[in-house]
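The values are calculated or read from the model by the stated rules, or taken from the named source; none is laboratory data. Treat the numbers as computed from the prediction; the structure is a model and nothing was measured. For neighbour counting, all protein chains shown are included, and Cβ atoms are generated from backbone atoms with ideal geometry for every residue, glycine included. Ligands, DNA and RNA are excluded from the accessible area calculation, which covers all protein heavy atoms including side chains. Shrake-Rupley method; radii C 1.70, N 1.55, O 1.52, S 1.80 Å.
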Amino acid sequence: MHHLSHPLLPRASGLSPFRGIARSSHSCRRCSALPRRAALPSVPTVFWVAQMGVGMKLLARVRRRLVPLLRRHRMALLTAPAVAALLLVFWSAAYGGDAQGVPPYKDPKNDVEVRVKDLLARMTLAEKIGQMTQIERLVASPQVLKDYYIGSLLSGGGSVPRKQATAAEWMAMISDFQKACLSTRLGIPMIYGIDAVHGHNNVYGATIFPHNVGLGATRDPNLVKRIGAATALEVRATGIQYAFAPCIAVCRDPRWGRCYESYSEDHRIVQSMTELIPGLQGDVPQNFTSGMPFAAGKNKVAACAKHFVGDGGTQNGINENNTIIDRDGLMSIHMPAYLDALRKGVSTVMISYSSWNGLKMHANHDLITRFLKGRLNFQGFTISDWEGIDRITSPPGANYSYSVQASILAGIDMIMVPNNYQDFITILTGHVNSGLIPMSRIDDAVTRILRVKFTMGLFENPMPDPSLADQLGKQEHRDLAREAVRKSLVLLKNGKPGDAPLLPLPKKAAKILVAGSHADNLGYQCGGWTIEWQGDTGRITVGTTILDAVKAAVDPSTTVVFAENPDADFVKNGGFSYAIVAVGEHPYTETKGDSLNLTIPDPGPSTVQTVCGAVRCATVLISGRPVVIQPFLGAMDALVAAWLPGTEGQGITDVLFGDYGFTGKLPRTWFKSVDQLPMNYGDKKYDPLFPLGFGLTTQGKGY
C-alpha cells in the first residue's frame, strides 16, 4: 500500500510526498504539446474544495507541491474536477476525513482497530519503543515521560507518593504524569500499573482482602468476582488503571514462597477463580471473541493473568526456578486457567521468571508467540515481570543486549524495565536499526498495547476521576472482605477425642484469654504484599485485629485478657474459661518466603503448648500455606486455618462465636511431614494429614 504524506505529517525516509499518485506513465506527444497552464485547477474549483473544510493554509501548501508535479509529468488532460478530487485525497490524509480536523485515532466513534492502525502509522520508532517501556515512578518525571514517550509506569511494592498518602495525593501524582504524556506530539496516554493482588494493597487505608489461598478455600467464584469489582473501584480511587492480578499459578509445592498467591493446587479451583477478571474488568459482551482484551470503562481496570506459565510447578518450590514437566503435564495442570482468562477478556498476560525444562519463559518464543498469541489468539499485550528480561542470563544482567533481543523476539510486548530505561531504549533502538529485531515485531507489540488502551477508553478518560476517591476503604468493601474471611476459614479440628466440640465459643464467659504473636498484629494478619513489598509488622494500615474483633464480639460482661506469650503459671492461675491463640508465619514475599522446613517461627509452637496445656483453647493459624502442625495438634482443642485474612479480623470472630458456620474447604493438601513434598491430590502416594477439600462444618445462627 502506498504511503501518502503531506506537510503536516512525518515523512517516511526516501518516499516522495506524492508517491503512488504522482508517477504517471502517460506521456503521449499530444498531451506534451498542450500548454502547461491547462493542467492547473480552476479558481472556482479551488474555492469549492476550500469550502469543503480544507484550511487555506494547508491548501496553499498542497497546491505549491501539486503544481510543479503536474507540470513535471505533463498531466495535461486532468480536468478541474479531477484535481479537486486529488486535493480531497490530501485533505483526507491530513485530517482523516473529518471536517473538524480530528485524526481517526482520536475519534471514539471509529472502530478500535481503525484507531490503532491510524495511530501506529503516525508513530516514529522512538514513539513506538516508548510505548513498550514501563518504568518505576521513582525514576519517572514529566520531562522523562515526554523525552522518551513512555507508555507505562508502575509502583513496585511499597512505592508510594509518601507514607500514608491519601487518594487525592495518588491522583495528583498520576495526573502530573498523565499530563506530560498527553502533551507529547501524538498525545498517547500512559497506563499505570500496580500489584493490587488482595485489594489495593500498596495503599494506606485500602480494604485488604484475604490472599488467594484463602479465597480458594471459599469455593465461591461469585465472591471473588465481587472482590474484583471492589478492588477495581479502590484502584481507580487513586487514579490507577491497571492491576497486576490475578495470579493464576497452580502451586504444586507449598515450599514455594508465592504459594499464598495461588488459589489451589487443583487447576479446576484456579480456573473457577478467574472470575476475578470480570470483576476487575467487567463482563465481556455476547459473542465475544476469546483472546481479545476487554475493559468496561473508567470504573474498571485492565487485569493481568500471571505468571505465564508453570510458575507454581518449580522444582522443590524454589522461586523463579525450573518447572520440569512434559508438555502434556504443562498443558493439563498449568495452562487451563489461561484459557478461562482469555475467554473472559483478560487484557494482559505477565510472563513468568521461571523456566520450563531449562528454557527461561521470558525467552520462550514457542509458548509466548506460537501458543499464547497464535494458538490461543491472545490479542492483548504481554508484559515482562520486574527486571524479568535481565534474569534471562545468569547472573542477571550479564548480557543485557541479548536479554532485550531474546525477550522481544520471544513475543514480550511491554518490558517492566523498571529503572534502567535509557539503556533499554538505546539497545532496543539499535537492534531495530540494525535489523536484528524486525519492525514488524515492534509494530505487533505497539498494536497490542494501543489496542488495550483504546479498548479500555483511556484516550477518552485519561485523567483520574476525583469522584471515585471515596471508594478507598469503603465500608461496603470492608463488609465484603469480612464475608470473604468468614467463608475462607477451614475448621481442621473441633474437640479432643471423647470431648464435646469447643466451637462455637460462648460470647458470655467470666474471663477469656487471647494469646499469641498474631492476635494483635495487623501486619502479620495481612501477610506479604501489604503496604510494603514484603509486608510488615504492627498496625500498618486501617483494620481490625483478632484481638479487636474478640473485644467487639463478646458480651459486655466478659473480661478479655491479652498476653502475647504468657507463661504456664499465668495461664493455669488465670481462671480463664477458654483461650484463643493466634500464631503463624511472619510476612514474606517471593523468594524470601521459600522454605524447606515449613515450620512456624518461635515462640508460636511453645505458646500453643503452654496455653493449650492449661486451658481449653482454639488455635487460629495465620499462614500462607499448610505448615508443620502435627507435633502440637494433639494439644489443641480446636484448630482453624485462617490463611492470610487481611484487614477485617471480625470475619474470624463471626465464625468462632457462631454467628456464622464454618464452611471453608482446604484448597491444598495438608502434609504430615515436609519429607512427603511435593504431594498433591491424585498422586499415587497420597497420605496427607488433611486431604484437599477437607473442612469440618458448624451451624451458624442464621445471620
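Net length available on complete extension from Ser394 to Asp328 is 20.9 nm, with 0.36 nm assigned per residue and the Cα-Cα distance removed.
How would segment 261-316 be classified by its alpha-carbon gyration tensor: rounded, prolate or oblate, with rounded meaning a/c under 1.5 and the a/b versus b/c comparison settling the rest? Since a/c reaches 1.5 and a/b is larger than b/c, the shape of segment 261-316 is classed as prolate.
Working ranking of peptides 604-612, 189-197 by packing, defined as the average number of other Cβ atoms within 10 Å per residue, highest first, is 189-197, 604-612.
Taking 7 Å steps out from each Cα toward its Cβ at Lys474 and Asp366 produces label points 4.7 nm apart. With 26 Å as the limit, write out which pairs from Lys109/Lys179; Lys360/Lys453; Lys496/Lys572; Lys225/Lys665; Lys344/Lys453 have Cα-Cα distances beyond it, or answer none. Going by Cα-Cα distance, Lys360/Lys453 fall outside the 26 Å limit. Taking 0.36 nm per residue of sequence separation and removing the Cα-Cα distance, the Ala568/Asn316 pair yields an extension gain of 86.9 nm. Looking at the chain, the DSSP beta bridges with both ends there are about 20 percent antiparallel. Look at the alpha carbon pairs under 8 Å that are at least 6 residues apart: their mean separation over the length of the chain gives a relative contact order of 14 percent.
With R₀ set to 25 Å, the beta-carbon distance separating Asp176 from Leu436 gives a calculated FRET efficiency near 0.10. Placing dummy labels 7 Å off each Cα toward the beta-carbon, the span from Asp423 to Lys109 is 5.0 nm. Heavy atoms of the protein chains alone define the surface here; on that basis segment 114-208 has 30 Å² accessible area per residue at 1.4 Å probe size. Using the Cα gyration tensor of segment 104-468, with a ≥ b ≥ c the square roots of its eigenvalues, what is the shape: rounded (a/c below 1.5), prolate (a/b larger than b/c) or oblate (neither)? Cα axes put segment 104-468 in the rounded bin. For segment 596-604, 3J(HN,Hα) computed residue by residue from phi via the Karplus equation (6.51, -1.76, 1.60; θ = phi - 60°) reads 8, 10, 6, 9, 7, x, 5, x, x Hz, glycine and proline entered as x.
Ellipsoid fit via the Cα gyration tensor, the chain: semi-axes of 61, 25, 20 Å, each the root of five times an eigenvalue, largest first.
Highest mean first, the peptides 500-512, 142-154 sorted by other C-beta atoms within 10 Å per residue fall in the order 142-154, 500-512.
Karplus-derived 3J(HN,Hα) values for segment 179-195, using 6.51 cos²θ - 1.76 cosθ + 1.60 with θ = phi - 60°, are 4, 5, 5, 5, 7, 6, 3, 9, x, 7, x, 7, 10, 9, x, 7, 7 Hz; glycine and proline are entered as x. Computed in the context of the full set of protein chains, the accessible area of the chain at 1.4 Å probe radius has 52% of its extent on carbon or sulfur. Taking the convex hull of the alpha carbon positions in segment 489-676 and averaging its projected area over all directions gives 10.5 nm². The P(r) of segment 344-485 has a tail past 27 Å containing 35 percent of all C-alpha pairs. Under 5 Å between amide hydrogens, built in the peptide plane, is the criterion, and for Lys511 it picks out Thr559, Ser577 among residues at least 5 positions away or on other chains. Between Gly199 and Phe209, the built amide H atoms are under 5 Å apart, and every one of these is 5 or more places off in sequence or on another chain. Converting phi to 3J(HN,Hα) with the Karplus coefficients 6.51, -1.76 and 1.60 and the offset θ = phi - 60°, segment 468-481 yields 8, 4, 6, 6, 5, x, 4, 4, 4, 6, 5, 5, 5, 5 Hz in sequence order, with x at every glycine or proline.
Amide H contacts of Phe378 (H built 1.01 Å from N, in plane; Pro and chain starts excluded): Lys373 sit under 5 Å, all sequence-distant by 5 or more or on other chains. Of all DSSP beta bridges confined to segment 489-676, the antiparallel ones make up roughly 20%. For segment 489-676, averaging the sequence separation of C-alpha pairs within contact (under 8 Å, six or more residues apart) and dividing by the residue count gives a relative contact order of 33 percent. Estimated at the nearest 10 Å², the accessible area of Met463 is 70 Å² with a 1.4 Å probe.
Sorted on the mean count of surrounding Cβ atoms within 10 Å across their residues, most packed first, peptides 536-542, 584-590 read 584-590, 536-542.
Given R0 = 22 Å, the distance between the Cβ atoms of Thr698 and Ala552 translates into a calculated FRET efficiency of 0.60.
Would you calculate, for the chain, the mean residue ellipticity at 222 nm contributed by helices, counting each DSSP H stretch of 4 or more residues as -39,500 (n - 2.57) and dividing by all residues, to the nearest 500? Estimated from H runs of four or more residues: -9500 deg cm²/dmol.
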